[in-house]
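Novice: Would you mind keeping the following structure in view while I ask a few things?
Laboratory data are not the source of any read-out in this text; all were calculated from the coordinates shown. Everything numeric in this text was worked out from a predicted model, so none of it was measured. Cβ sites come from the backbone with ideal geometry, for glycine too, and all protein chains shown count toward neighbours.
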Amino acid sequence: MTSHQIRQAFLDFFRSKEHLIVPSAPLVAKNDPTLMFNNSGMAQFKDFFLGNGTPPSRRIADTQKCLRVSGKHNDLEDVGFDTYHHTMFEMLGNWSFGDYFKKEAITWAWELLTEIYKLPKDRLYVSVFEGNSADGVPFDQEAWDLWKPIVGEDRIILGNKKDNFWEMGDTGPCGPCSEIHVDLRPEAEVAEISGKSLVNNDHPQVVEIWNLVFMQFERKADGSLIPLPSTHVDTGMGFERLCMAVQNKTSNYDTDVFQNTIQVLETLSGKKYGAGTEPFADIAMRVISDHIRAVAFAITDGQLPSNVKAGYVIRRILRRAVRYGYSYLGFKEPFFYKLVAVLADQFKDVFTELKAQEEFVTRVILEEEKSFLRTLESGLKRLDNITSSLKQKEVNVIAGEEVFELSDTFGFPVDLTALIAREKGFEIDETGFQDALAEQKKRSRQDAAKEATDWIELREADKVEFLGYDFEETHSHIIKYRKVKTKTGEEYHIVLDRTPFYAEMGGQIGDTGVLVLNPTSSSNEGKTIRIVDTKKENDLFVHISRDKNLDEALQQAGIIVARIDTERRNKIKANHSATHLMLSSMREILGSHIGQKGSYLNDEVLRFDFSHFSKVTDQELQKIEDRVNEKIREDIALEERRNVPIQQALDLGATATFGEKYGEFVRLIIFDPKFSFELCGGTHVPSTGKIGVFKFISEGSVSAGVRRVEAVTGEKALELMRQQEETLNKIKDLLKGPTDLVKAVESLLDERNNLQKRIAALELEKIQTLKTGLLARLEKHKTFSLLVEKVDVPNAESLKQLSYELRDQVENLIAVFGTEIAGKPQLSVFIAESIVQETGLNAGKIVKDLAKEIRGGGGGQPFFATAGGSDASGLERALEKAKDLF
């Protein structure tokens with residue numbers, strides 16, 4: 001069976017068992033603060049297990065894109081070195097939400113594996129949870145009794161909490177599980193050693209392929225377990241391992257899931273996978289063929305590579321792959337991007353979103369590759385110098401500061417440095433790296449660490465209703481609340497059974513407003529709670545308040561009035577509807593390739609990221625703006641359709657945003673079916689005329705292949721135009737009211753440019769005079785020439801210019817200069833590259849040490865570095881210290 005047939009057989013089998021087949025959720029986790037990426041098949045269904053939402057069916061099956069590269073579930077370090085771990089993988093799964101339980105899950109799993117996939121029964125082993133007294137969970141007798149007549153006692157293994165009690169994270173739904181393992185070894189090995197003894201012992205041919213999780217509990221923040229309202233089944237079968245077993249291969253990478261990509265790598269590199277002559281070339285091909293899947297699908301689902309959070313994870317994976325190709329396959333030019341087309345064709349009938357965005361994903365990866373390759377060679381040379389120096393000193397640990405320099409200067413993620421170091425026989429100082437990283441982040445850290453208590457349940461509710469499309473206030477009850485500690489104080493998170501408050505999602509900011517407690521109660525009438533934000537957490541609408549000491553009031557509250565800030569909501573609606581008009585106008589004017597890559601809109605501004613590979617010209621922006629305002633003047637009435645089957649909506653031509661998870665039924669927002677026709681869950685104006693006016697305020701680049709525009713509407717747009725008019729009038733007044741303002745400014749700029757040229761010539765003349773004087777004071781030593789001087793230069797750039805000009809005239813120069821610029825002390829250290837290579841001296845480290853004397857800091861490259869400070873009186877001390885160093 002091909003991999004396509006294997007996947008389809010799974011879905012068809014469970015369809016025959018009355019399961020609803022649902023699409024995969026995006027790889028990037030949405031509306032779940034506990035996850036960065038969807039790392040299991042059950043992630044998108046977590047709320048159903050907790051009873052916070054209603055599933056579209058009590059029986060569901062799917063294939064889910066998963067990524068395990070961070071947190072508790074992290075397989076990155078194993079990828080490539082073994083044949084069965086992956087970053088991105090498919091998880092085939094079937095679920096029961098309060099319907100069937102262990103009997104059906106076990107019986108059907110055995111039926112599918114042995115009767116559909118024809119796996120040999122004598123090669124399969126199963127495990128059962130042995131129990132855990134600390135958690136108060138007994139031995140899973142029921143699972144044992146069900147497995148015993150199927151496989152016999154000799155093929156059942158008792159598993160501990162680590163192997164046979166499944167937990168998604170520190171908190172959340174969990175329960176005992178039964179794993180199914182397959183022994184794929186040759187007959188001779190099987191006859192010699194029982195496969196049972198190799199289960200869960202990291203044998204590459206004795207692997208787990210299916211995990212049947214019996215969801216019975218919820219893990220609370222204090223570590224305790226409480227029973228879930230209903231029992232559920234959550235199974236996950238690794239698609240890649242299943243293909244290995246069904247196709248009778250000894251490695252996941254030998255299956256047709258990866259061979260298409262590996263064959264392209266063979267052609268590009270001229271190396272043969274599995275030849276046995278270059279083991280690191282084989283590892284490199286496994287790494288690359290795995291990593292391209294993670295990177296391509298993450299970008300497709302809306303996560304671009306970046307330097308923060310989830311974006312940094314994707315950049316790490318990409319750079320790990322590029323480095324393997326560079327070091328072991330001989331790729332000195334971009335190559336990784338060429339694999340996107342292979343992947344897009346392979347999955348065009350499964351995950352269609354990659355094929356639809358093939359060009360965009362390819363361009364993003366290409367730009368990332370170019371960027372990293374610019375620093376990769378110099379970074380590897382720097383790492384070679386570090387390890388060579390350490391080897392001479394008989395030290396086998398790379399200092400944390402060196403690791404940080406490789407990350408900060410050359411773009412080497414710490415795990416990549418650790419990997420290369422291990423290949424060379426070195427370790428890294430992880431603690432030292434973290435200290436250096438923490439120091440850098442100290443001033444830029446923005447995210448407040450939050451510490452939350454468990455939810456305090458006040459009453460039961462079948463579901464949470466959002467009524468904000470039709471009502472600005474509702475009569476509601478409080479279901480539960482919790483307290484959250486932040487760096488700025490304490491927050492209350494409140495959940496209602498029905499609410500008009502829109503929770504932040506789809507780029508639209510959450511509503512603010514008030515909750516009026518017991519509005520008919522004479523004892524508490526008028527008591528209000530100010531809601532400062534509304535967030536979506538899984539399927540809960542969480543109303544956030546920073547009011548103090550609310551516990552008693554919340555616990556005693558009966559009926560409450562939930563009321564949004566209507567004026568603010570109306571401004572948000574105008575910005576959201578304008579965004580729809582703008583996107584349609586962009587597609588008309590710039591091309592149909594324009595796709596949404598992110599958005600943010602509040603009551604003041606709308607920000608929109610979109611796929612496009614060149615700057616949007618002023619003329620194009622003007623055309624888009626004019627088109628949007630034309631549609632506003634037409635005052636097109638909103639046509640809203642709710643609960644439309646998603647496939648029907650797509651067939652009608654509705655525009656969907658890739659990377660968003662849509663349910664079985666969707667909402668359509670239409671401003672003229674021939675113009676703007678989109679899937680959207682946000683709030684909108686009743687007609688386009690309510691927007692008033694639309695005005696761009698900026699356009700720029702976000703990353704490779706992604707542009708960003710910002711715009712304002714209504715009063716904010718008028719305010720912007722008034723400000724611009726006032727600015728023009730002030731400029732006219734300053735220039736004495738010229739008849740041609742543009743010509744007057746151009747004349748002023750010409751005059752300024754001429755003056756700057758004269759100043760630059762004078763500064764150059766001054767530098768040359770200074771250089772002549774310094775050459776006369778040069779101290780010559782046996783192996784180098786030294787200059788340590790306080791100099792008078794116009795700016796910090798002049799220190800570099802002076803150092804480099806002296807380098808061209810003096811062999812083996814070491815130069816340390818100090819100066820004051822606008823009252824602020826500056827230092828520079830230059831060391832000839834030959835000296836750096838021979839002695840290991842580092843200008844960056846030296847300037848950091850000298851900067852202590854001027855109460856400052858700095859850094860740079862080993863041969864040239866600068867520092868600034870706040871205490872000019874320390875310059876002389878710094879220069880004296882430099883003389884002592886050499």
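Novice: How far, in nm, would the chain grow between Glu111 and Ile283 when pulled straight, counting 0.36 nm per residue and subtracting the alpha carbon separation? Don't skip to the end; give the middle numbers.
Specialist: Numbers: separation 172, 0.36 × 172 = 61.92 nm, distance 3.57 nm.
Going from the current span to full extension adds 58.3 nm.
Novice: Once Lys and Arg get +1 and Asp and Glu get -1 on their Cβ, which of Gly172, Val126, Ser96 lies farthest toward the positive end of the dipole of region 85-190?
Specialist: Towards the positive end, the residue furthest out is Val126.
Novice: Can you list the lysines whose alpha carbon is less than 18 Å from that of Lys732, not counting same-chain residues fewer than 8 positions off?
Specialist: Filter leaves Lys743.
Novice: Now a separate question. For region 498-579, what is the Kirkwood hydrodynamic radius in Å, using each pair of distinct C-alpha atoms?
Specialist: Numbers: mean 1/r = 0.0730 Å⁻¹.
Roughly 13.7 Å, rounded to one decimal.
Novice: Can you give the calculated 222 nm mean residue ellipticity of the chain, where each DSSP H run of n ≥ 4 adds -39,500 (n - 2.57) and the sum is split over every residue, rounded to the nearest 500 deg cm²/dmol?
Specialist: Numbers: 26 runs with 341 residues, N = 886.
Value at 222 nm, helices only, nearest 500: -12000 deg cm²/dmol.
Novice: Rounded to the nearest 0.05, what FRET efficiency do Lys17 and Glu537 have when you use their Cβ-Cβ distance and R0 = 35 Å?
Specialist: Taking R0 as 35 Å, the efficiency between Lys17 and Glu537 is 0.60.
Novice: Which residues' amide hydrogens lie under 5 Å from the amide hydrogen of Arg498, considering only partners 5 or more residues apart or on another chain, with H built in the peptide plane?
Specialist: Answer set, sorted by chain and number: Glu465, His477.
Novice: Something else about it: Where a ≥ b ≥ c are the square roots of the eigenvalues of the C-alpha gyration tensor, would you call region 3-257 rounded, which needs a/c under 1.5, or, failing that, prolate if a/b is larger than b/c, or oblate?
Specialist: Values: a/c = 1.39, a/b = 1.24, b/c = 1.12.
Here region 3-257 falls in the rounded category.
Novice: I've got another one for you. When only alpha-carbon atoms count, how far does region 761-885 stretch along each of its three principal axes, as whole angstroms with the largest first?
Specialist: 36, 34, 22
Novice: A further question follows. Given H placed on each backbone N at 1.01 Å, which residues far from Glu504 in sequence or on other chains put an amide H within less than 5 Å of it?
Specialist: Those qualifying (amide H under 5 Å, at least 5 residues apart or on another chain) are Gly510, Asp511, Thr534, Lys535, Lys536.
Novice: Assuming 0.36 nm per residue, please report the length gained on full extension of the stretch His781 to Thr375 beyond their Cα-Cα distance.
Specialist: 142.7 nm
Novice: A further question on this structure: Dipole of the chain (Lys/Arg Cβ +1, Asp/Glu Cβ -1, origin at the Cα centre): which of Val28, Ser592, Val836 lies farthest to the positive side?
Specialist: Highest projection toward the positive end goes to Val836.
Novice: Still on this structure, please answer the following. Applying 1/(1 + (r/R0)^6) with R0 = 30 Å to the Cβ-Cβ distance of Ser327 and Asn396, what FRET efficiency is obtained, to the nearest 0.05? Can you show the working numbers first?
Specialist: Numbers: r = 21 Å, r/R0 = 0.69.
So the FRET efficiency works out to roughly 0.90.
Novice: Follow-up question, since we're still on this one. Which net charge results when you count Lys and Arg as +1 and Asp and Glu as -1 among the other residues whose beta-carbon is under 12 Å from that of Lys771?
Specialist: Working: positive: Lys766, Arg777, Arg807; negative: Glu765, Glu789, Glu805, Asp808.
Local charge sum for Lys771: -1.
Novice: So, in nm, how far is label Ala275 from label Glu423 when the simple model puts each one 7 Å beyond its Cα toward the Cβ?
Specialist: About 1.8 nm, to one decimal.
Novice: Within a Cβ distance under 15 Å of Ser834, other residues only, what is the Lys/Arg minus Asp/Glu net charge? Intermediate results must be reported in sequence, preceding the final value.
Specialist: Details: positive: Lys381, Lys782, Arg807; negative: Asp808, Glu811, Glu833, Glu838.
Neighbour charge sum, excluding Ser834 itself: -1.
Novice: May I ask for the distance between the Cα centers of region 354-416 and region 759-838, given as a whole number of Å?
Specialist: That distance is 31 Å.
Novice: Note down the nm distance, to one decimal, between modelled labels 7 Å out along Cα→Cβ at Asp202 and at Ser701.
Specialist: Using points 7 Å along Cα→Cβ, the separation is 4.4 nm.
Novice: Report the FRET efficiency, 1/(1 + (r/R0)^6), for Ser687 and Gln619, where r is their Cβ-Cβ distance and R0 is 35 Å, rounded to 0.05.
Specialist: Numbers: r = 29 Å, r/R0 = 0.84.
It comes out at approximately 0.75.
Novice: Also, quick follow-up: Arranged from highest to lowest average of other beta-carbon atoms within 10 Å per residue, in what order do the peptides 211-223, 288-300, 695-707 appear? All intermediate terms of the calculation are to be shown ahead of the outcome.
Specialist: On the way: 211-223: 19.6, 288-300: 28.0, 695-707: 16.9.
My ranking of the peptides, most packed first, is 288-300, 211-223, 695-707.
Novice: Follow-up question, since we're still on this one. Provide, as a two-decimal number, the C-alpha radius of gyration of region 569-730 over 2.2 N^0.38 Å, N being how many residues it has. Show your work: numbers first, answer last.
Specialist: Numbers: Rg = 15.8 Å, N = 162, 2.2 N^0.38 = 15.2 Å.
Relative to the rule-of-thumb radius for its length, region 569-730 sits at 1.04.
Novice: Okay, moving on. Leaving out same-chain residues fewer than 8 places away, which lysines sit with a Cα under 20 Å from that of Lys527?
Specialist: Result set, ordered by chain and number: Lys480, Lys483, Lys548.
Novice: Express in nm, to one decimal, how much length is gained between Leu764 and Ala356 on full extension, taking 0.36 nm for each residue of separation and deducting their alpha carbon distance. All intermediate terms of the calculation are to be shown ahead of the outcome.
Specialist: Working: separation 408, 0.36 × 408 = 146.88 nm, distance 5.57 nm.
The span from Leu764 to Ala356 would gain 141.3 nm if fully extended.
Novice: Now for a different question. Could you pull out the pairs from Lys852/Lys883; Lys782/Lys883; Lys309/Lys332; Lys309/Lys487; Lys102/Lys161 whose alpha carbons sit more than 22 Å apart here? Don't jump to the answer; show the numbers that get you there.
Specialist: Working: Lys852/Lys883 16 Å; Lys782/Lys883 16 Å; Lys309/Lys332 29 Å; Lys309/Lys487 20 Å; Lys102/Lys161 18 Å.
Exceeds cut-off: Lys309/Lys332.
Novice: Under a Cβ-Cβ cut-off of 15 Å, what is the net charge of the residues other than Glu179 that fall near it, where Lys and Arg count +1 and Asp and Glu count -1?
Specialist: Details: positive: Lys102, Arg123, Arg155, Lys161, Lys162, Lys196, Arg241; negative: Glu130, Asp140, Asp163, Glu167, Asp183, Asp202, Glu208, Asp234.
Charge balance near Glu179 sits at -1.
Novice: Let me ask something else. Hey, how much of the P(r) for the chain falls beyond 47 Å, as a percent of Cα pairs? If you can, show how the numbers build up before the last one.
Specialist: Details: 150752 of 392055 pairs.
The calculated P(r) of the chain puts 38 percent of pairs beyond 47 Å.
Novice: Using the crude model of +1 on Lys and Arg Cβ and -1 on Asp and Glu Cβ, and no other charge, please compute the dipole size for the chain relative to its Cα centre, in debye to 20. Don't skip to the answer; put the middle values down first.
Specialist: On the way: 114 positive and 137 negative charges, 362 e Å.
For the chain, the charge dipole is close to 1740 debye.
Novice: Take the Cα atoms of region 451-564, find their three principal axes, and give me the spread along each one in whole Å, biggest first.
Specialist: 41, 36, 25
Novice: Can you list the residues of region 346-387 with backbone N under 15 Å from a point 7 Å past the Cα of Ser592, pointing along Cα to Cβ?
Specialist: 356-359
Novice: Next question. For a quick check of your reading of the filter: which GluC sites (Glu not before Pro) in region 358-431 sit in a DSSP loop and have no more than 12 other Cβ atoms within 10 Å? Walk me through the numbers before you get to the answer.
Specialist: Details: sites: Glu358, Glu359, Glu367, Glu368, Glu369, Glu377, Glu394, Glu401, Glu402, Glu405, Glu423, Glu427, Glu430; in loops: Glu394.
For GluC sites (Glu not before Pro) across region 358-431 that sit outside H, G, I, E and B with at most 12 neighbouring Cβ atoms in 10 Å, the list reads Glu394.
Novice: Give the cross-link partners of Lys623 among the lysines, using a straight C-alpha distance below 25 Å as the criterion and excluding same-chain residues fewer than 8 apart.
Specialist: Result set, ordered by chain and number: Lys571, Lys573, Lys597, Lys615, Lys631, Lys674, Lys690, Lys695, Lys716.
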